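To keep things clear, I will list the structure first and then write my remarks on it.
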Amino acid sequence: MNNNIIILGGGISGLSVAWLLKQRGIRSTIIEAQNEIGGLARSFNWHGIDCDIAPHRLFTHNRKVLDLILNLVPMHQHRRKSCIFIGGKKIKDPIDPIELCLRFHSKAPKLIGGFLFKPKLEETSFANFALNRYGQGLYDLFFGPYTQKLLGISAKEISPEWGRQKLRSSGFSQWFKRNSKTYFNSFYYPITGGYGTIAERMADELVDSILVNTRVTGLDFNKNRITSITLHQNGKEDTMECDQLISTLPATTTAAMLGEKIDFQYNSISLVYLNINRSQVMPYHWAYFADEAIVINRMAEFKNFAQPSMATDNTVLCAEVTAHSDNPSEEVISALVSYELIQREEIKDILVLEEAYGYPIYLKGFETQRAKALQIFGQYQNLHTVGRNAEFRHIDVDQDIESAISCVEKIIEDLGI
């Protein structure tokens, strides 16, 4: 079927839209600025171990999405193993209030008091949201400092919507209700090749529809429709006519090409990979580091995701850093040494990757900007925004695919198929 359907961005969102369209016999063209596809959901092999761009895992209540992925990629179901390092100690993830009180005796009265006698603050910020649910003790110990480190902004300046999506403590009242998106007992992960296998399998079926090393520099529009795009490839400028345009680019980028401005903020990520001369450092898939003084947000050991476990004498750690650091690798190494997880002489190689668009920052009032974005993009009948950065939502791969499914259904309706 000949329709000029153009997809901006070759990450998991753009690939999912193109792949789903192809299942319906509809061809599209993906425009990707980088030399590789997958975006934040790509993988690579380093020192014989498959590594992801930070830890990923598949957990969803959406059976349609789960079946789609399981039919595409052979996966193993893992029993989740994770922990939190805080105050020089290791505790369960999510936080178990009883364990927390036992491990931090001096803070126990404040922690217990916070759980039993919660304030009733107006929920105008993430700080108030967390205080209302977990009290001052746990806020001071975990939620406040971790949020400051993760997003670079005080929890008092973050929207309560962040808390509704991301709070990680089970709380006394939820102790037996650990089946939410925040907490899950098990997850799926590709048997081989890393999490990026999902994107790679889609790309394998779309190989003649993907243009890499191609940058979109402008959008042409007439009244309420995008008519064409301007792109640069191999030093040459070209234009492509457009019947339907799907943008997975950051909302700020898409708006700028339309002559508009949206005040969204995204936090960048430094990913520090360490090749360790040891078969295993920790028995966990990932670990969180709650202390504000420790630059690491979370760390994964990819070898633990493999099934069956890889029999190698080395292992690879990946530490995610969003706090400002002039030397993230040295700060990561110092933190891991301080927690006695590694010794410096065990480090055989270091790799640092930078990602400019990591986390959408839910500043207070971001909902107004999101409404503005919807109004701007909604003016164009053939423009669709899909995925984490385009929709300015902190979502996972399964939710990216959900969004792609909705987008394709809308395109099918528009085309009258």
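The values are calculated or read from the model by the stated rules, or taken from the named source; none is laboratory data. Since we're looking at a predicted model, the values are computed, not measured. Note that each Cβ is placed from the backbone with ideal geometry, even for glycine, and that neighbours are counted across all protein chains shown. Each accessible area value is taken on the protein alone, full model and side chains, heavy atoms only, with ligands, DNA and RNA left out. Shrake-Rupley method; radii C 1.70, N 1.55, O 1.52, S 1.80 Å.
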Inter-centroid distance (Cα atoms) of segment 43-69 relative to segment 106-146, Å: 34
Förster radius 35 Å - calculated FRET efficiency between Ile98 and Asn35, Cβ distance, rounded to 0.05: 0.10
Between helix 63-72 and the chain: long-axis angle, C-alpha atoms, 0 to 90°, nearest 10: 80
Residues with amide H under 5 Å from that of Cys51, placed H, sequence gap 5 or more: Phe44, Asn45, Trp46
Mean residue ellipticity (222 nm) of the chain, computed from DSSP H runs ≥ 4 via -39,500 (n - 2.57), nearest 500: -9000 deg cm²/dmol
Label point distance in nm, Asp140-Asp204, each placed 7 Å from Cα along Cα→Cβ: 5.5
Added length on full extension, which subtracts the Cα-Cα distance from 0.36 nm per residue, Phe44 to Ile191: 51.5 nm
Net charge of neighbours whose Cβ lies under 15 Å from the Cβ of Ala293, counting Lys and Arg as +1 and Asp and Glu as -1: -3
Burial order of peptide ranges 291-299, 337-345 (average beta-carbon count within 10 Å, highest first): 291-299, 337-345
Nearest-ten-degree value, helix 366-378 long axis tilted from longest Cα axis of the chain: 10
Extension gain from Glu367 to Asn224, taking 0.36 nm per residue of separation minus the Cα-Cα distance: 49.1 nm
Separation of the Lys156 and Glu260 label points, Cα + 7 Å toward Cβ, nm: 3.4
GNM result for the chain, Cα springs below 10 Å: residue of Asp396, Asp93, Asp326 fluctuating most strongly: Asp326
Segment Glu409-Ser334, length gained on full extension (0.36 nm per residue, minus Cα span): 22.0 nm
Probe 1.4 Å, accessible area per residue of segment 1-77, Å²: 41
Label-to-label distance, nm, for residues given as Val212 and Val352 (7 Å Cα→Cβ offset): 2.5
Relative contact order, percent, segment 344-417 [alpha-carbon distance under 8 Å, six or more residues apart]: 24
